[in-house]
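Taking it in order: structure first as C-alpha cells, then the write-up.
The values are calculated or read from the model by the stated rules, or taken from the named source; none is laboratory data. Everything numeric in this text was worked out from a predicted model, so none of it was measured. FYI the Cβ positions are ideal-geometry reconstructions off the backbone, even for glycines, and counts take in every protein chain you see.
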Amino acid sequence: MKVQFLGAARTVTGSCHVIEACGRRFCVDCGMHQGNRAIEARNRDVRVYRPRELDFILITHAHIDHSGLLPLLVREGFDKAVYCTGATASLLRIMLEDSAHIQEMEALRQREKYERRGLKNPLPPLYTVEDAQKAANLLTVVEYHKTFTPAPGLNAVYYDAGHILGSASLRLEITEQDENVSLIFSGDIGRKGALIVRDPERPPAADYVFMESTYGDRDHKNEVSSADELAEAITYSHTRGEKVIIPAFAVERTQEILYCLHLLHREGRLPGDMPVIVDSPLAIRATEIFQRNYDLFDDEAKKMLAGNENPFALPNLRFTLSSDESRAINTICGPAVVISASGMCNAGRIRHHLRHNIWRPGASIVFVGYQAAGTPGRKLVENARKITLFGEDVEVAARIFTINGFSGHAGQSQLLDWLKPFVLEGTRLVLVHGEEPAQNILAGLIKQQFNITALIPDYLEELALEKSGQPRTVKHEAAAKPAINWDFLTAEVERKWAIFKDKLPLVRERPWVEQTDMEEALAKMDYAITRLISRL
Ligand SMILES: [Zn+2]
Ligand SMILES: [Zn+2]
C-alpha cells in the first residue's frame, strides 16, 4: 500500500493524499494550492494527479483547499464517485461553482492585461462553471458513523471533525492479502468550544494517523477575548467614522462572525448606527445551508434556535449580491462592518474593500483565520507597511487586528490532546497540513511527550505503508522544489548594471526631459531592490 502527498505537505493548502491499495488508486481530498505564484503553479500540473486513473475520491470537507481541484480533475477525465457527508455536498455545490466563477473572472482579467501589453497566450481559466457543475453531479452522500465500501476490501467511516459544517475525519480499513491496515486522515480538526459546530470527535485507533498541524506552533486565545477584540476593533473605527473590514472564508467563518456580532448586539456592544454588510454571494448562500442543517449545530446554538432566536440575525444586517451593490459599499460614508471573501485576501471582492480602506487611518482590518505564506493576508498580519493591490502599492494606515480565537483549527495543546489516545495505542504518525516551522515544533513536542517520531512528508513524496515496521520513503525533491538559480540571476543583474554604468556618460548627454524619464525608471528599480532587502 502506498500514499503519495500531492499537497498540504509542508504547506497548509492543496490537501491531496493519493492512495494505492486493493488494486485501486484513489485520493483523500483534492484541494487547490493557494499562496504565491510558485505554489499556485502546482494547480496547473495536472499530470501528477493522473485523473483518469483515479477510481474514486473521498472528501473530508468543503473548503477549497481540500476540494478546489475537483472540477479540474473532472475536466481532465475523472468521472467516478466523490464521497462526502450531506452538508459537505450542499456546500460543495455552491463553493465549486463560486471557485470556477473566480477562475473565469481572473482569466478574463489576465487576458485583458495581456492584450493591453500586446502579449500573447494568456493562461486559460483553471476550470469553468460547467466543469464545476459536472463535478457536483458526482457527489455521493454518506452519513457520519456509517461504514461504506467504495471498493472491495476497503471500508470507510466519517467522524465529525468539528471544523466546519459537514467536516469529517476519515477512518479507512484496508484489507490486502489477508492483512488489515487502518488509516486515519484527521482532515482539519476543529477547536473545542467553537461557535456553531460540535466539538471534534476522535475515531477509534488505527495503525497510521495523518494529522493536520496548522497551529502546531501555538495555542489560541479563548473566545471571550476574541469577542472583546472584535468589539475593540468596532469601537476603534466607529469613533473615527471609518469601516471595519473583515476578510473571512464565506463558509463557517462568516457565520461565526455573524453569530459573534449577534452576541455583541445582545450585550449592547454593537452601535446601532453601524450597519453590518456581508459582501459575498457565496456567504449568503452558505448561511442558508447552515440554517437548513441546524441538526449539526452544537447544544448552545440549538438552544438559541429552540428559543426562536436566529444566531445569524442582526437588526442592521445587509447582504449584497451584485457587484454593483458591492461597489456601492465604498461610496457609503461613515462607519460600517464589511465581511467579505476571500479570507486570505488573494482573490474576490475583499481586495476592493482593502483598496478603498487600508490607507485610511481609523479603519480596521480584522483577520479571523489562518493566513498562508505568500498571501497578501499573511503580509498584512506580519506588519507590512505597504501592500500591492491590483498592481498598485498602497500604504497601510488602517489598524490591523489578528484574532486567533475565531480560528477553525485546533491549537497546539488541542492537537496533542486529540492525538494522545492514538499514541497510547501504538499509532504511527504522519504530520500534514502545516508549514515546516510549525510542524517541526509540534514534532519536537510529540517526541518529548510521547517518545514517537512523526514523519513530515514533502510535496510529491511517497510512503510505502506496512502493518509493522517503518514506512519506506521515496522523495522527489528536484520535481517538488525546482532549484532557484540565485547565482545566475545575481550575475545577470550585475552584468546589466555594469553595462548601464558604462553608458552613463551617454545618458548625461541626452536632453533633460529624456534624462528625467530614465531617472524615473532607475528610481523604480532602486525601490524594488529596497523592498527586497527590507524582507531579509
Ligand atoms: Zn478547512
Ligand atoms: Zn485545510
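From PRO247, PRO200, PRO281, PRO204, grab the single residue that is surrounded by 17 or more Cβ atoms within 10 Å (Cβ to Cβ) and either among the basic types (Lys, Arg) or outside the structural domain of SER323 (by TED's automatic domain parsing) (or both).
Values: PRO247 fails: either among the basic types (Lys, Arg) or outside the structural domain of SER323 (by TED's automatic domain parsing) (or both); PRO281 fails: either among the basic types (Lys, Arg) or outside the structural domain of SER323 (by TED's automatic domain parsing) (or both); PRO204 fails: surrounded by 17 or more Cβ atoms within 10 Å (Cβ to Cβ).
Of the residues listed, the single one that is surrounded by 17 or more Cβ atoms within 10 Å (Cβ to Cβ) and either among the basic types (Lys, Arg) or outside the structural domain of SER323 (by TED's automatic domain parsing) (or both) is PRO200.
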Please go through (1) surrounded by 20 or more Cβ atoms within 10 Å (Cβ to Cβ); (2) free of Cβ contacts under 8 Å to residues at least 24 places away in the same chain; (3) of a type outside the set (A, V, I, L, M) for PRO150 and return the number of the only condition it doesn't satisfy.
(2)
Looking only at helices (runs of 4 or more DSSP H) that lie completely in the range 206-316, which have at least 2 residues being touching a Ser or Thr at 6+ places or on another chain (Cβ under 6 Å) and either modelled with pLDDT of 95 or more or within 22 Å of ALA89 (Cα to Cα) (or both)?
223-239, 281-292
Residue under question is ILE174, and the condition is that it be of a type outside the set (Ser, Thr, Tyr), buried (at least 20 other Cβ atoms within 10 Å of the Cβ) and more than 16 Å from ligand 2 (Cβ to nearest atom); does it hold?
yes
Would you mention how many residues in the range 194-231 are among the acidic types (Asp, Glu) and more than 17 Å from LEU263 (Cβ to Cβ)?
6
Of the numbered conditions (1) away from ligand 2 (no atom under 16 Å from the Cβ); (2) within 30 Å of ASP458 (Cα to Cα); (3) not acidic (Asp, Glu), VAL244 fails exactly one; give the number of that condition.
(2)
Looking only at the range 46-77, how many residues end up being without any contact (Cβ under 8 Å) to a residue 60 or more places away in the chain, in a loop (DSSP other than H, G, I, E, B) and under 19 Å from LEU96 (Cα atoms)?
5
Determine whether GLY187 is assigned to a loop (DSSP other than H, G, I, E, B), among the small types (Gly, Ala, Ser) and under 22 Å from ALA168 (Cα atoms).
yes
Close pairs from the range 17-35: first within 12 Å of ligand 2 (Cβ to nearest atom), partner part of a strand (DSSP E or B) and at pLDDT 95 or above, Cβ under 7 Å, at least 6 apart
ASP29/HIS17
Determine if the range 425-436 includes at least one residue that is surrounded by fewer than 20 Cβ atoms within 10 Å (Cβ to Cβ), within 16 Å of ligand 2 (Cβ to nearest atom) and under 19 Å from ASP219 (Cβ atoms).
yes
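One line per residue, one yes/no per condition, for (1) within 16 Å of ligand 1 (Cβ to nearest atom); (2) of a type in the set (Ser, Thr, Tyr):
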residue: ALA38; (1), (2): no, no
residue: VAL46; (1), (2): no, no
residue: ILE57; (1), (2): no, no
residue: ASP65; (1), (2): yes, no
residue: VAL74; (1), (2): no, no
residue: GLY77; (1), (2): no, no
residue: THR88; (1), (2): yes, yes
residue: ASP98; (1), (2): yes, no
residue: LYS120; (1), (2): no, no
Please indicate, with yes or no, whether at least one residue in the range 389-407 is in contact with a strand residue (DSSP E or B) (Cβ under 7 Å, 6 or more places away or on another chain), modelled with pLDDT under 95 and basic (Lys, Arg).
no
ASN180 meets each of (1) in contact with a Pro (Cβ under 8 Å, 6 or more places away or on another chain); (2) more than 16 Å from ligand 2 (Cβ to nearest atom); (3) within 28 Å of LEU455 (Cα to Cα); (4) part of a strand (DSSP E or B) with one exception, condition (1)
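Among the residues of the range 223-275, write down those that are within 23 Å of ALA410 (Cα to Cα) and acidic (Asp, Glu).
Within the range 223-275, GLU223, ASP228, GLU229, GLU252, GLU256 meet the criteria.
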Every residue from the range 182-198 that is at pLDDT 95 or above and either more than 16 Å from ligand 1 (Cβ to nearest atom) or of a type in the set (Val, Ile, Thr) (or both):
SER182, LEU183, ILE184, ILE189
For strands (runs of 3 or more DSSP E) lying entirely in the range 411-480, having 3 or more residues that are modelled with pLDDT under 95 and touching a Lys or Arg at 6+ places or on another chain (Cβ under 6 Å) picks out none
Can you name the residue in the range 207-229 that is closer than 19 Å to ILE452 by Cβ and within 16 Å of ligand 1 (Cβ to nearest atom) and is also surrounded by the most Cβ atoms within 10 Å (Cβ to Cβ) among such residues?
SER213
Restricted to the range 396-411, and to residues that are of a type in the set (S, T, N, Q) and surrounded by 19 or more Cβ atoms within 10 Å (Cβ to Cβ), which residue is farthest from ligand 2 (Cβ to nearest atom)?
ASN404
Candidates ALA478, ALA438, ALA464, filtered to the one that is hydrophobic (A, V, I, L, M, F, W, C) and without any contact (Cβ under 8 Å) to a residue 60 or more places away in the chain
ALA478
Looking at this structure, is ARG191 within 16 Å of ligand 2 (Cβ to nearest atom) and of a type in the set (D, E, K, R)?
yes
So, in the range 358-414, how many residues would count as being within 16 Å of ligand 1 (Cβ to nearest atom) and free of Cβ contacts under 8 Å to residues at least 60 places away in the same chain?
1
On the basis of being surrounded by 12 or more Cβ atoms within 10 Å (Cβ to Cβ) and either without any contact (Cβ under 8 Å) to a residue 40 or more places away in the chain or aliphatic (A, V, I, L, M) (or both), does LEU532 make the cut?
no
